[in-house]
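Following: one structure in structure tokens, then a few remarks.
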Amino acid sequence: MARPLRFRYAPGTWSNSRVESEVFDDLDANLGATATGPWFKPPGGYEARRFEMDDGSLALFCWTDDDEGPEGTGGGPGAYWLGNTETPSALWRTDKYAFADVPYAVTRWAERELTAGLHEEEPWLADYPHLSWFFLTVFCSKDGAETTREFFRDHRAGFPDTSREAALSFYEEFLSTGVLDDYREEMAGKLGTSEYFDRTRMTATMGEFDVARLLTLAEYDIVPEIEVATDHVIDYRAVRDDGTATLVEVTRPVPTNRRSAGTPAAAVRDTVATKTSGQLEQHGGGVTLFVDCSSFPDDDWAAVRGERSDVGHRPAVVFRSRPDGRTEAYATGSVPLELDAAVEWV
């Protein structure tokens, strides 16, 4: 799978003539390109170009005689390339940097350019500015633009029995709290940038956002992607004000109409068994498992809630969130988290 959109940094002196000969001419010869001025004013001290290719792809290029450079470089004269298109050969050996690792003014300018284009192509996203910003690096990625947009547009980010507006408002409200902003590229990238649509994988990713929301509502500070001694990565560390920390892993069963398991409860147990027979078994305990049934339609969840069966791991929280903000849940084992403020126990 390709990675989310990132900058390339090309140190050295650039000029209009060099940009034309080493960037534009290459793009035009291979793809057919139009070079225009940027839609938004570039940062002070920079010049910029916007390249639009005949196949619909886009690239941004800006350069300066002096800046601090990306994190870990000495700065000086240099240029920044960002695009979901073929990279010109003159930039092949340049290093890639995350949005957070290049000068803020460059990042902010590029985000404005990309967001304006995104909302022009997908006007339904304009009502969700923080969601647009958070997932911008995948919405505009080379291979994942179509699939990730389709997931939110046509599949309601994994929620059944609701409208796109309700589902996206749910995530807009949570993401706008900013609790995951520092982990934006890492978390957004979990949606994937594959050109092949994988609803199951993307829906499972949204389970991590659902759990982050519950932990935040319960007044925990969260840190994602915790490396443990078994060389595995656990989804979250949840930390209370008193410093008490709990490791949290997330799994999300597929509804029975999309898998071989015969009943909703069996679907839950099968999914948990896959998780516990690998990652959690090797960790040897100390992890609270959240089982996100938010993909289940009403009847399936009613069956799981009614049976309240042991899922094969303790402690565990089995829950289902709805776009109106309500979350029902039950627990197995002694859960070391205070979740009363976030869920309705059933």
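Could you tell me whether any residue of the stretch 168-177 is open to solvent by 40 Å² or more (accessible area, probe 1.4 Å), within 24 Å of residue 321 (Cα to Cα) and assigned to a loop (DSSP other than H, G, I, E, B)?
So far as the stretch 168-177 goes, yes, one or more of its residues are open to solvent by 40 Å² or more (accessible area, probe 1.4 Å), within 24 Å of residue 321 (Cα to Cα) and assigned to a loop (DSSP other than H, G, I, E, B).
Search the stretch 179-191 for residues that are without any contact (Cβ under 8 Å) to a residue 24 or more places away in the chain and pair each with any residue that is crowded, with 19+ Cβ neighbours inside 10 Å and not in a loop (DSSP other than H, G, I, E, B) when their beta-carbon atoms are under 6 Å apart and the residues are at least 6 apart or on different chains.
Qualifying pairs under 6 Å: 190/205.
So in the stretch 178-200, with the set limited to residues that are part of a helix (DSSP H, G or I) and either in contact with an Asp or Glu (Cβ under 7 Å, 6 or more places away or on another chain) or open to solvent by less than 30 Å² (accessible area, probe 1.4 Å) (or both), which one is farthest from residue 214 (Cα to Cα)?
Among those that are part of a helix (DSSP H, G or I) and either in contact with an Asp or Glu (Cβ under 7 Å, 6 or more places away or on another chain) or open to solvent by less than 30 Å² (accessible area, probe 1.4 Å) (or both), it is 189.
Say we look at the stretch 3-29 and pick out the residues that are open to solvent by 50 Å² or more (accessible area, probe 1.4 Å) and under 29 Å from residue 148 (Cα atoms); which of these is modelled with the lowest pLDDT?
Going through the qualifying residues, I end up with 3.
Just for the stretch 292-320: of the residues that are open to solvent by 10 Å² or more (accessible area, probe 1.4 Å) and among the acidic types (Asp, Glu), which one is nearest to residue 332 (Cα to Cα)?
310
Could you list, in sequence order, all residues of the stretch 34-88 that are among the aliphatic types (A, V, I, L, M) and either open to solvent by 30 Å² or more (accessible area, probe 1.4 Å) or under 18 Å from residue 140 (Cβ atoms) (or both)?
35, 48, 53, 58, 59, 60, 82
With respect to residue 337, is the statement that it is at pLDDT 95 or above and either touching a Phe, Trp or Tyr at 6+ places or on another chain (Cβ under 8 Å) or assigned to a helix (DSSP H, G or I) (or both) true?
yes
Output the residue which, of all residues in the stretch 275-291 that are surrounded by 14 or more Cβ atoms within 10 Å (Cβ to Cβ) and among the hydroxyl-bearing types (Ser, Thr, Tyr), is modelled with the highest pLDDT. Explain how you work it out, then say what you get.
Pass one, the stretch 275-291, residues surrounded by 14 or more Cβ atoms within 10 Å (Cβ to Cβ): 275-276, 279-280, 283, 287-291.
Those left that are additionally among the hydroxyl-bearing types (Ser, Thr, Tyr): 276, 288.
Working: 276: 78, 288: 95.
Here the residue is 288.
The values are calculated or read from the model by the stated rules, or taken from the named source; none is laboratory data. All values reported here derive from a predicted model rather than from experimental measurement. Using ideal geometry, Cβ is built from the backbone for each residue, glycine included, and neighbour counts are taken over all protein chains shown. For the accessible areas, the whole protein counts, side chains as well, though only heavy atoms, and no ligand, DNA or RNA atoms are used. Shrake-Rupley method; radii C 1.70, N 1.55, O 1.52, S 1.80 Å.
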